[in-house]
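The structure appears right after this line, and notes come after that.
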Amino acid sequence: MTAQMVLTMARDALTLLLVVSMPILGAVMAVGLLVSLFQAVTQIHEATLAFVPKLIAAVVVFAMFGPWMLTTLVDYIRRTIESIPSVIL
């Protein structure tokens, strides 16, 4: 196993992590921005008002994109495990 192979595997893992987490992060950030604007306009600063909508958005995104996320992660793990013999020799 060369240093180039390790760097390639690490880059692929980080890219996959970014791609898989992007739907959840995007949804939670968008909901957080909307809630922050609502709080600024109404001058209501309640902590649960910011937390509960973000939690609901994350659950909805998990329900919608969860199968795709799981399939993507399983494919990556399968490719990684199948490449073990070529890495060892």
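Got at least one residue in segment 47-59 being more than 18 Å from the chain's Cα centre (by Cα), surrounded by 13 or more Cβ atoms within 10 Å (Cβ to Cβ) and touching a residue at least 40 places away in the same chain (Cβ under 8 Å)?
no
Pairs please, first residue from segment 9-24 and open to solvent by less than 70 Å² (accessible area, probe 1.4 Å), second anywhere and of a type outside the set (Lys, Arg) and in a helix (DSSP H, G or I), Cβ atoms under 6 Å, 6+ apart in sequence or on different chains.
Within 6 Å, the pairs are Leu16/Tyr76; Val20/Met69; Val20/Thr72; Pro23/Val61; Pro23/Phe65; Ile24/Ala58; Ile24/Val61.
The values are calculated or read from the model by the stated rules, or taken from the named source; none is laboratory data. A quick note: this is a predicted structure, and the numbers were derived from the prediction, not measured. Positions of Cβ are generated from backbone atoms using ideal geometry, with glycine treated the same way; all protein chains shown enter the neighbour counts. These accessible areas exclude ligands, DNA and RNA; they are computed on the full protein's heavy atoms, side chains included. Shrake-Rupley method; radii C 1.70, N 1.55, O 1.52, S 1.80 Å.
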